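Here is the structure we will look at, set down as structure tokens.
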Amino acid sequence: MGSLYLFGKIPISLQYQGDFMKPELIVDYACEVGENPLWHPGHKRVYWTDIPRGTIYYFDSVTQQHGIHYQGEIVGGFTIQSDETFLCFMDDGAIGVLRDGEFDYVTHSIPGEEFHRFNDVAADPQGRVFCGTISKTMDQPGRLYRLDRDGTLTKVVDDVGVSNGIGFTLDHNYMYYTDSRARTIYLFDYDQDSGELSNQRPFIEIPAEAGVPDGMTVDAEGYIWSARWGGSALYRFTPDGEEDQRIDFPAKNISSVIFGGNNLTDLYVTTAGGENKADDGEGAGALFRLEVGVKGLPEFRSRIGL
């Protein structure tokens, strides 16, 4: 591993875990599956979901307050719409816009997804949403869909193990897509005008002993940050797919990651296993924050039905 140069020419080891790059536990709701952290720049808040408990939490970076934003239906993932509402992806293929605690449904179900739920989702540069499903019993394949702005849903990848983290390269010509069961982050050619994906190939393959790739984000330098379920760590990869950095956490299951804060220099990380801290670590199920010396990118807003 190399070194990261900050504050002039002073080299900082990429595995340095002092005050800089040390995860700070900021909220602990002991989430069973804390997931899908998303920074809302207008609210100055990070939101995240505990999937089995049907709860969306928030942490306010200005007031330091935190609490429940929504509780009810299971929400596997969500985006923020350009009108500030939340577009939520739920059980059985249900998709709805959350307004004042109630859903205006885009769809109530998807044929063939009766025993599945949505997992990670991400808006693209044009306001579409790529949204993946997983089997609730983990014994059937999932799928990746594209939800277009007019509400049309198109299956784009079939026979997925566990649909997970999604991101885009800086030039928006390629899309990253994680299949956790395959232990692989794939790369697709991506057509921004049409939303079409093509030429799927492995980009990063994770060895069995190193945990499972989960949620991800891309920073302003084009590097990929990938959470590692079962690996107690967050990894940074170069745009060429080489491991660049590893940050360890006091939790076994690191589930997802997003940049936030006024300058997008805060990295928020969700974890799982809060119902079993004895086995999964004292920080299991908590939300962490850390500074890593690089900036993130604003997440794209969805524009479904707008």
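The values are calculated or read from the model by the stated rules, or taken from the named source; none is laboratory data. Fair warning: this is a prediction, and the values are worked out from it, not measured in the lab. Ideal geometry is used to build each Cβ from the backbone, glycine not excepted, and the neighbour counts take in all protein chains shown. Side chains are part of the model used for accessible areas, which takes the heavy atoms of the whole protein and leaves out ligands, DNA and RNA. Shrake-Rupley method; radii C 1.70, N 1.55, O 1.52, S 1.80 Å.
When restricted to residues that are farther than 19 Å from HIS40 by Cβ and open to solvent by less than 40 Å² (accessible area, probe 1.4 Å), the stretch 92-111 contains 5. Out of the residues in the stretch 6-35 that are at pLDDT below 95, open to solvent by less than 40 Å² (accessible area, probe 1.4 Å) and outside any strand (DSSP E or B), state the one that is nearest to LEU267 (Cα to Cα). By that ranking, first place goes to MET21. Taking the stretch 85-137 as the range and being under 22 Å from the mean Cα position of the chain (by Cα), among the hydroxyl-bearing types (Ser, Thr, Tyr) and more than 16 Å from ILE51 (Cβ to Cβ) as the test, only THR85 passes.
Could you check how many residues of the stretch 141-183 are of a type in the set (S, T, N, Q), buried (at least 19 other Cβ atoms within 10 Å of the Cβ) and in contact with a Pro (Cβ under 8 Å, 6 or more places away or on another chain)?
3
With at pLDDT 95 or above and in contact with a Gly (Cβ under 6 Å, 6 or more places away or on another chain) as the only criterion, which of VAL269, VAL212 stands out?
Just one listed residue meets the conditions, VAL212.
Do you know which residues across the stretch 254-296 are without any contact (Cβ under 8 Å) to a residue 40 or more places away in the chain and either crowded, with 20+ Cβ neighbours inside 10 Å or not in a helix (DSSP H, G or I) (or both)?
Within the stretch 254-296, ASN263, THR265, ASP280, GLU282 qualify.
Among the criteria (1) assigned to a strand (DSSP E or B); (2) within 20 Å of LEU197 (Cβ to Cβ), the one GLU113 does not fulfil is (1). Scanning the stretch 36-56 for residues that are of a type outside the set (Gly, Ala, Ser) and either assigned to a loop (DSSP other than H, G, I, E, B) or within 17 Å of LYS277 (Cα to Cα) (or both) yields PRO41, HIS43, LYS44, ASP50, ILE51, PRO52, ARG53.
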